[in-house]
Structure formats: structure tokens, C-alpha cells
1. Could you check segment 24-48 and list, in sequence order, the residues that are among the hydrophobic types (A, V, I, L, M, F, W, C), more than 13 Å from K91 (Cα to Cα) and surrounded by fewer than 19 Cβ atoms within 10 Å (Cβ to Cβ)?
2. Here is a list: G63, G72, G55. Which entry is in contact (Cβ under 8 Å) with a residue 40 or more places away in the chain and on the phi > 0 side of the Ramachandran plot?
3. Hey, among L117, L111, L125, L158, which residue is farther than 30 Å from A23 by Cβ, at pLDDT 70 or above and loosely packed, with under 15 Cβ neighbours inside 10 Å?
4. Somewhere in segment 32-46, is a residue at pLDDT 90 or above, hydroxyl-bearing (S, T, Y) and over 17 Å from the mean Cα position of the chain (by Cα)?
5. Is it the case that I26 is touching a helix residue (DSSP H, G or I) at 6+ places or on another chain (Cβ under 6 Å), under 30 Å from A156 (Cβ atoms), at pLDDT 90 or above and of a type in the set (V, I, T)?
6. Among the residues of segment 167-181, is there at least one that is part of a strand (DSSP E or B), surrounded by 18 or more Cβ atoms within 10 Å (Cβ to Cβ), at pLDDT 70 or above and more than 16 Å from the chain's Cα centre (by Cα)?
7. Quickly run through segment 68-93 and pick out the residues that are outside any loop (DSSP other than H, G, I, E, B) and at pLDDT below 90.
Amino acid sequence: MAESDSQPVFSPVCPIPLVVQPAERIQQLKDYLPTEFGQVQRVNVEALIRMYESGELGPRRHGDPPVYLVEGKRVDKDPWQDESVPNNTMKWCELPHMAQSVSDSFRFSALYGMQQLHARMRIPLQYGGDPALTRLFLVCNDTGSDVLTVFRSDLAMLQFDPARHGGALEGAQLLDTPIGSAPQTFVQVEMQVLTSSLVDLHPGQMVRQYLFFGTAPGNDRLYVAQEKAGLIRDMPA
């Protein structure tokens, strides 16, 4: 075989760091637009498409600051933290992607081969949620992901109505999975941690032992582990 001066070029399937090109993001948003939640967020989705097409938004990389929209208009402040923004407005947070963080947390289930966390969720009251409507669930997680999957059945159980509770929607972001990245709808929910016997955990010594943060040996440099250490330090004895 003859030698060649050319060097082979390896192109990873998923660039590291991940770079989302405008054309790719435009197509994702166009695919998302006909969906149920895409229709609810139409004013923001269409505004984002125009921003990418005009060049106002260029390639997006992990670590880039978020882009916030309210009713199709770009704003500087986080609208979920800005008290001047009504709760029932359509808000959007545009991020390059949401990455999974590898950590070990909570108790391990030999039966499922995963960590387990008992909890209940509800739609935040400030976004029209009913305090009496809650959903019990069991988190099973083998990677320590920092993203919680909320199924359509959960939203149906909570009687989620995009018209009434649309303020809880954060838009569609890229979510890293073991087989690649995919755009998913993000929604805010309130979560309460429970014991295995479904007793509420309250602040103090009990929560100190059940904080759902990365605590495995070797993970001390992770942000989540540092955050847990800080919370424990600030808790009352």
C-alpha cells in the first residue's frame, strides 16, 4: 500500500465541546413548532427562528450565556426571577444544551440497579398550580443525571393546561442522552423529597442525609458536591 502524506481526519459524531450551528437549531425549532408545546410557545419559537436566520444569534456553545425571551421579545434578565414579568406570560430560555452530570446520589437499589429517590411533585403555585394536586413518583437513576424526566402522564395527573400553566414552560433545549442530543420541552415543577415510607423530609438533620446531590468518593470537585457541602455548612445543628 502506497504511503500518503495526507493525515486522516477524525470527525466526532458529537463535537467536543458541542457546538449548535444556526441551521441545525433552526430545523430543530421548526420541527418543534407543530408540537403541542411548540404551539403554546409559538411566539417565542418563531422569534428565535428569525433571530437565527438574521444572524442575531450565531453558533451556540456549551457555556454561552442563556438568551431569554418573553412573548417573542428578547430580555436581559431571567424572566423567572424578574418580578415585573407576569407569571402567565410565555417565557423561553435558550441554552446550547443541557448536559448530564455523572454523580452518585441517594440510596442504591440492588433490585433495579439504580439509585432511588421517593418524592412528590406539583405545578408551582405562582404558575397556577393547585396545591391539592400532587403526584407521587420514584426516581430511579443510574447516572446521577441533573435532569428529571416529567412524563405526559405526570402532567395529565396534575391537570397541566398549557393555557393556564404556560408560565412554567421554559422552552425546548438540547438534552444529552447516551445516544446523542435531542430537543426536549423543559417545564418547572416543585419537588418534595420523601422517605421510603413516604414521610415528608423537613429541613435539618434529616434532609442533611438525603440531599440529592453528587456525593460519591472522587466527586468532591463537582459543582453539585461543593453545593451540598455549602448547604450542610449553613444548616442549623
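1. Residues satisfying the conditions are I26, L33.
2. Working: G72 fails: in contact (Cβ under 8 Å) with a residue 40 or more places away in the chain; G55 fails: in contact (Cβ under 8 Å) with a residue 40 or more places away in the chain.
Of G63, G72, G55, the one residue that is in contact (Cβ under 8 Å) with a residue 40 or more places away in the chain and on the phi > 0 side of the Ramachandran plot is G63.
3. Numbers: L117 fails: loosely packed, with under 15 Cβ neighbours inside 10 Å; L111 fails: at pLDDT 70 or above; L158 fails: loosely packed, with under 15 Cβ neighbours inside 10 Å.
Answer to the check: L125.
4. So far as segment 32-46 goes, no, none of its residues is at pLDDT 90 or above, hydroxyl-bearing (S, T, Y) and over 17 Å from the mean Cα position of the chain (by Cα).
5. Details: touching a helix residue (DSSP H, G or I) at 6+ places or on another chain (Cβ under 6 Å): yes; under 30 Å from A156 (Cβ atoms): no; at pLDDT 90 or above: yes; of a type in the set (V, I, T): yes.
Taking the combined requirement at face value, the residue does not satisfy it.
6. No, segment 167-181 contains no residue that is part of a strand (DSSP E or B), surrounded by 18 or more Cβ atoms within 10 Å (Cβ to Cβ), at pLDDT 70 or above and more than 16 Å from the chain's Cα centre (by Cα).
7. From segment 68-93, those outside any loop (DSSP other than H, G, I, E, B) are 68-70, 73-75, 91-93; that's our starting set.
Matches in segment 68-93: C93 only.
The values are calculated or read from the model by the stated rules, or taken from the named source; none is laboratory data. In this text, all values refer to a predicted model and were calculated from it rather than measured experimentally. Cβ sites come from the backbone with ideal geometry, for glycine too, and all protein chains shown count toward neighbours.
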